[in-house]
Structure formats: structure tokens, C-alpha cells
Amino acid sequence: MILASKYLRRSLASALALTALLGPVLAAAEPTPADKESARTLVLSGRAKRIDGNQGAALTDFKSAWALVKNPTTGYELGRQHFELGQWVEARDVLLEVLRMPEAPKEPSAFVRARSDARELSERLAVEIPSLRIRLEGAAASPPPEVTVDGSPIRAEALSTPIKVNPGKHVVVARQGGARTEQSVTLQRKEEAEITLDLSAGGGGDR
């Protein structure tokens, strides 16, 4: 009886802890009516700004709408806006998230259309996003070299394969100890490029 009582207390404590942990997540999963109305307003505002050529402000609106309500419409609009701004990698990431959303029965026609548009744009981007392969020469065994593209670090595992990047100009920097080398490269749609960074010279000079 005592053991059973201890077991029940432990089970109850575990259940309460799990509820406390998942509570905010579950609450965030269901947008409120106010969230939905705000998201609709933001989507309309973003579309108007896109038409007016205010692309940066449109992106801000669509990001806010997506943060409030994740549905096919807000996701597609955000993905499309990233695409309009040349942020193709970010665009496809959002579009794929839209396509992973489970379909609800009797979805609104706007959701069906948004899913179709998201699939079409995602498939187009899959073959049009440029790729960049980075090769390092003259690197010592340790410490491991640090590589960045436009200031963002690239994991060592990613250097063994072409890296997907947005079209346009990119600055690639490699550092190891006191050595630093830099190279700029510009890529167009569908382009696959390769650059080599030589760390053997040292001295921290740019290349």
C-alpha cells in the first residue's frame, strides 16, 4: 500500500511537471480569434505594400502574420516575399514547412490554392537555388578552421558538399590561428561555383 501510494505521488508529480512544460506549447499551438484577425490584417497589408514596391515592409508584415498564425496562406505569402527579395534559401524553407502541414478536412479554397502555389514555387526553387562548394588548402590539423559566408558560420560537415546560397554576391572568409583569407563570389540562378581558400600563407591578409 505504501509503495503504491509513493508510485501514485510520483506519477502525479510527473504528470503535473509535464503539463507545466507542455502548457505554453499547447497554448501557442492554437491561435486566438484576435490572433487570426490580426494575421488576416497583416496579410492584406503585406500584399498592399508588395504592390506599392515596399518589399521590406511587406516582409515584416508577412513575418508577423506567420508568427501569429501558421497556415498555408500566411506561409505562402512569407515564402513568396522572401523569393521576391532574392532570399531563395529562406523562401524554400518556409514553403516546405507549408507543404508539411497536415491537410484539414474541408479546407478553405484559399488554403488549397496556397498549398498549390507553395508546391509550385518550392519545386522551381529546388532547381534554381545556386550552390557553392568551398575548398580549403594549407589548413593545419588544429585548431579547426573557421569558415563563414556573409558572416554566418559554416559547419565543418557542410564543407564536404555544395552549400545552397541565395543568388548574388557572397563573401567567404576562412580563419585558422593567425591566418585569414577571404574571397568574394557572385552566383546567378542555377549556377554551381567552387572557390578555394588557401590558409597556408597566414598573416591575416585578405584574398
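The values are calculated or read from the model by the stated rules, or taken from the named source; none is laboratory data. Small disclaimer: the values here were computed from a predicted structure and weren't measured. In this analysis, Cβ positions are derived from the backbone assuming ideal geometry, glycine residues included, and neighbour counts consider all displayed protein chains. In case anyone asks, the SASA skips ligands and DNA or RNA and just uses the protein heavy atoms, side chains included. Shrake-Rupley method; radii C 1.70, N 1.55, O 1.52, S 1.80 Å.
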Subject >> Set T161, T148: member being exposed (fewer than 12 other Cβ atoms within 10 Å of the Cβ) and over 24 Å from K63 (Cβ atoms) >> reply: T161
Subject >> Subset of the stretch 90-111 [over 11 Å from Y76 (Cβ atoms) and either in contact with a Gly (Cβ under 6 Å, 6 or more places away or on another chain) or open to solvent by 80 Å² or more (accessible area, probe 1.4 Å) (or both)] >> reply: D93, R100, P102, E103, P105, K106, S109
**OP:** Return the total of residues in the stretch 103-118 being within 27 Å of R189 (Cβ to Cβ) and in contact (Cβ under 8 Å) with a residue 24 or more places away in the chain.
**Re:** 4
**OP:** Kindly list, by first and then second residue, each pair from a residue in the stretch 120-133 that is more than 13 Å from G79 (Cα to Cα) to a residue that is of a type in the set (A, V, I, L, M), limited to pairs with Cβ atoms under 6 Å and residues at least 6 apart or on different chains.
**Re:** P130/V165; P130/L187; L132/I163; L132/V165; L132/A193
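The rows are residues; the columns are (1) free of Cβ contacts under 8 Å to residues at least 12 places away in the same chain; (2) of a type in the set (S, T, N, Q); (3) on the phi < 0 side of the Ramachandran plot.
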site	(1), (2), (3)
D35	no, no, yes
S38	no, yes, yes
R50	no, no, yes
G53	yes, no, no
K70	no, no, yes
G75	no, no, yes
W88	no, no, yes
A91	no, no, yes
M101	no, no, yes
**OP:** Go through (1) without any contact (Cβ under 8 Å) to a residue 24 or more places away in the chain; (2) open to solvent by 50 Å² or more (accessible area, probe 1.4 Å) and name the single condition A140 misses.
**Re:** (1)
**OP:** Search the stretch 27-86 for residues being polar (S, T, N, Q) and open to solvent by 60 Å² or more (accessible area, probe 1.4 Å), and hand back the single one that is farthest from S122 (Cα to Cα).
**Re:** T32
**OP:** Could you grab me the full set of residues in the stretch 183-193 that are exposed (fewer than 13 other Cβ atoms within 10 Å of the Cβ) and closer than 13 Å to G151 by Cα?
**Re:** S184
Original post:
What residue, among those in the stretch 165-182 that are modelled with pLDDT of 95 or more and either in a loop (DSSP other than H, G, I, E, B) or more than 21 Å from P143 (Cα to Cα) (or both), is most open to solvent (accessible area, probe 1.4 Å)?
Top reply: K169
